[in-house]
1. Among the numbered conditions (1) without any contact (Cβ under 8 Å) to a residue 60 or more places away in the chain; (2) among the β-branched types (V, I, T); (3) surrounded by fewer than 22 Cβ atoms within 10 Å (Cβ to Cβ); (4) not in a loop (DSSP other than H, G, I, E, B), tell me where I100 comes up short.
2. On the given criteria, is S49 of a type in the set (S, T, N, Q) and not in a helix (DSSP H, G or I)?
3. Would you say G89 is of a type in the set (G, A, S), in contact with a helix residue (DSSP H, G or I) (Cβ under 7 Å, 6 or more places away or on another chain) and open to solvent by less than 30 Å² (accessible area, probe 1.4 Å)?
4. Quick check, is L107 farther than 19 Å from E162 by Cβ, among the aliphatic types (A, V, I, L, M) and free of Cβ contacts under 8 Å to residues at least 40 places away in the same chain?
5. I'd like the full set of residues that are in a helix (DSSP H, G or I) and more than 10 Å from V151 (Cα to Cα), limited to region 72-90.
6. Of all residues being within 19 Å of F3 (Cβ to Cβ) and open to solvent by 60 Å² or more (accessible area, probe 1.4 Å) in region 141-167, which is farthest from the chain's Cα centre (by Cα)? Just the residue, please.
7. Is there a residue in region 28-40 that is hydrophobic (A, V, I, L, M, F, W, C), open to solvent by 10 Å² or more (accessible area, probe 1.4 Å) and under 17 Å from the mean Cα position of the chain (by Cα)?
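The values are calculated or read from the model by the stated rules, or taken from the named source; none is laboratory data. Quick caveat, the model's predicted, so the values are computed rather than measured. Note that we place each Cβ from the backbone using ideal geometry, even for glycine, and neighbour counts take in every protein chain shown. We work out accessible area using only protein heavy atoms, side chains counted, and drop any ligands, DNA or RNA first. Shrake-Rupley method; radii C 1.70, N 1.55, O 1.52, S 1.80 Å.
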Amino acid sequence: YAFIQDYSNNAALYARDKRKDVLANTLELKRRILQASPGCQIILERTWSYEGSESGGFGSAANLDRYIDKGAAQLARKADAWLSPIGIGFNTVRAERPDINLFDPDLKHQSAAGSYLKCCINYLVLTGKPFQGEVATCGLASETAAYLRSVAERTVLGHEKEYRIKR
């Protein structure tokens with residue numbers, strides 16, 4: 001398995017501006033990975049929107065998110081890759097628990113909680129199995145970590161076809 005994540009705005013630029021270089025770069029990276037590891041499954045990370053830096057020139061996090069969603073789905077389809085729905089999980093947490101800060105002070109990159117959520121989602125994309133037993137909290141409060149794991153499970157499990165995940 002190889003998780004790939006382009007510059008977080010590139011999926012949005014692909015959708016909004018029809019930037020063919022974004023698709024070309026994704027396909028070239030896939031080609032190079034498969035050249036080194038022919039049986040590798042490529043997984044494109046559907047990134048998250050953010051408020052910092054004026055949402056990367058998209059005006060708002062909501063607008064950026066719409067373009068990321070559309071562009072990531074198109075890129076994954078064209079590259080025959082799975083899609084890891086990290087940004088979907090971020091959106092859920094922001095809506096349900098705005099008290100959990102998913103971002104560093106730049107309001108763009110993920111905090112420890114955002115990193116934990118991202119890792120939980122990628123784990124579920126790979127395994128397809130809910131968390132069981134004692135699970136590391138990676139320095140987060142136990143309640144926060146448990147909530148983020150539950151969001152990851154709701155985001156991934158049961159949506160395998162939507163993200164083209166084959167088990």
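1. (4)
2. On the way: of a type in the set (S, T, N, Q): yes; not in a helix (DSSP H, G or I): yes.
Spelling it out, S49 is indeed of a type in the set (S, T, N, Q) and not in a helix (DSSP H, G or I).
3. Numbers: of a type in the set (G, A, S): yes; in contact with a helix residue (DSSP H, G or I) (Cβ under 7 Å, 6 or more places away or on another chain): yes; open to solvent by less than 30 Å² (accessible area, probe 1.4 Å): yes.
Yes.
4. Working: farther than 19 Å from E162 by Cβ: yes; among the aliphatic types (A, V, I, L, M): yes; free of Cβ contacts under 8 Å to residues at least 40 places away in the same chain: no.
For L107, the condition - farther than 19 Å from E162 by Cβ, among the aliphatic types (A, V, I, L, M) and free of Cβ contacts under 8 Å to residues at least 40 places away in the same chain - is not met.
5. Start the filter on region 72-90 by keeping residues that are in a helix (DSSP H, G or I), which leaves 72-78, 86-90.
Across region 72-90, the qualifying residues are A72, A73, Q74, L75, A76, R77, K78, I86, G87.
6. Among residues in region 141-167 that are within 19 Å of F3 (Cβ to Cβ) and open to solvent by 60 Å² or more (accessible area, probe 1.4 Å), the one farthest from the chain's Cα centre (by Cα) is R167.
7. As a first pass, look at region 28-40 and keep what is hydrophobic (A, V, I, L, M, F, W, C): 29, 33-34, 36, 40.
From what's left, open to solvent by 10 Å² or more (accessible area, probe 1.4 Å): 29, 33-34, 36, 40.
Now narrow it down to the ones that are under 17 Å from the mean Cα position of the chain (by Cα): none.
Within region 28-40, not a single residue is hydrophobic (A, V, I, L, M, F, W, C), open to solvent by 10 Å² or more (accessible area, probe 1.4 Å) and under 17 Å from the mean Cα position of the chain (by Cα).
Conditions (1) free of Cβ contacts under 8 Å to residues at least 24 places away in the same chain; (2) on the phi < 0 side of the Ramachandran plot; (3) under 11 Å from the mean Cα position of the chain (by Cα), marked per residue:
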site	(1), (2), (3)
A61	yes, yes, no
K70	no, yes, no
I88	no, yes, yes
T92	no, yes, no
G114	no, yes, yes
